[in-house]
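Enquirer: Mind looking over this structure? Questions follow.
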Amino acid sequence: MNILVTGGAGYIGSITCVRLIEAGFTPIIFDNFCNSKRTVIDRIERITGKRPLLIEGDIRDRTLLDQTLAQHKIDAVIHFAGLKAVGESVAKPLAYYENNVGGTFTLLQALEAAGVRTLIFSSSATVYGDPASVPILEDFPTGATNPYGRTKLMTEEVLSDIVHANPAWSVTLLRYFNPVGAHPSGLMGEDPQGIPNNLMPLIAQVAVGRREKLTVFGNDYPTPDGTGMRDYIHVMDLADGHIAALRHAIGKPGTHIFNLGTGRGQSVLGMLTAFERACGRPLAHTIAARRPGDVAACWADTAKAERELGWTAKLSLEDMCADTWRWQSSNPNGYAD
Ligand code: NAD
Ligand code: UD1
């Protein structure tokens, strides 16, 4: 089966392409490289022995999408392409709505015209806003607190409306919790451009000497050690969640919503300590005020994914830290240009 993978050169998309190839699917990557490097394609080939087809382009380019869909018989789409930095989305909301929502409109119009109606969408736990309780179930109320989150929520709503209008569509909304880790080979991982926004790449950069210390945002949350708790999930498990979702979606119309997480929360200090064990040395940190917009605790109820997809996260916190460290220490500056 041919799977069009928008954003397939990015962190989660590229590792999902590895797993797709290993599972016998043929990914076709569609990416404009606005937040990724071309050398990632070499790494996919090195790991799998197969070079995925690459179409360099923007999902807002209807002509190129139409050409792509005319040239290749696409069975399903995994739609990763999007901008993802919360702070940047506050500063540049139009860019986020245009790329994430507008880009998805163009993609959906092209898919509708081509008769491709199976799509898996990269959503986020951010759509739950500040949850009333944890663990979070898929039917909890939604509500985003920043433009990035709103692009995810709006896209989810548009996709649900499309299914409502045309029941031939199969749409799967995957709400990722906090993806971390790297391919166990150390050849592929997260390569944030500029200053990272998320905890794990920041810790990894302290460990590799690119950054002096970690700033812990708040130690006065109502959690056991006072620091924020999140559901960190290994990117390999997340990639496998997409394979399970794809198998589930094929021939199953409707809107399907799944949390992809481990079902367990880990604190900021817990992550730091686990990473210290992985890299074998203490990592400097300082405590600062809470980051505006942060919630105290957020982790998934994963029973639905387990029941309906037959998928659970298998890798441990130790795996997440060891694999991140292997990737970061052997590629201290990320992928080559
Ligand atoms: P990433 O930035 O590494 O990958 C996104 C890819 O999409 C990049 O290769 C980028 O070049 C490409 N892209 C962006 N806009 C495009 C466009 N208009 N046309 C073509 N390509 C375009 O991000 P990631 O961490 O791999 O995340 C993938 C998806 O998962 C995103 O939609 C993100 O919002 C979502 N998500 C990520 C996280 C996370 O923590 N990483 C959490 C929840 C949801
Ligand atoms: C953030 C985004 C969320 C997005 C997710 C994945 C915000 C408010 N939320 O979530 O929308 O879906 O990333 O991309 O930005 N931390 C520190 N020091 C740091 C960085 C983070 O202590 O330098 C703490 C945070 O306070 C939090 C935890 O680490 O408790 C995880 O932070 P982060 O990796 O940014 O993820 P989220 O806040 O869960």
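Enquirer: How much length, in nm to one decimal, is gained on full extension between residue 161 and residue 273, taken as 0.36 nm per residue of separation minus their Cα-Cα distance?
Expert: That works out to 35.9 nm of additional length.
Enquirer: Given contacts defined as C-alpha pairs under 8 Å and at least six residues apart, what's the relative contact order of the chain, whole-number percent?
Expert: In percent, rounded to a whole number, it is 20.
Enquirer: Also: Please arrange 84, 50, 37 by counting, for each residue, the other beta carbons lying within 10 Å of its beta carbon, fewest first.
Expert: Fewest-to-most Cβ neighbours within 10 Å comes out as 50, 37, 84.
Enquirer: Using Cβ contacts closer than 10 Å as the measure, can you line up 217, 30, 121 from fewest to most?
Expert: 217, 121, 30
Enquirer: How far, in degrees from 0 to 90, does helix 39-48 lean away from the longest principal axis of the Cα atoms of the chain, to the nearest 10?
Expert: 80 degrees
Enquirer: Within 10 Å of each candidate Cβ there may be at most 14 other Cβ atoms; applying that plus a DSSP loop requirement, which GluC sites (Glu not before Pro) in the range 40-110 survive?
Expert: none
Enquirer: Still on this structure, I have one more. Explain nothing, just the number: dipole magnitude of the range 223-337 about its Cα centre with +1 on each Lys and Arg Cβ and -1 on each Asp and Glu Cβ, in debye rounded to the nearest 20.
Expert: For this selection, approximately 120 debye.
Each value in this text was obtained by applying a stated rule to the coordinates, not by laboratory testing. All figures in this text were calculated on a predicted structure; none of them were measured in a lab. For neighbour counting, all protein chains shown are included, and Cβ atoms are generated from backbone atoms with ideal geometry for every residue, glycine included.
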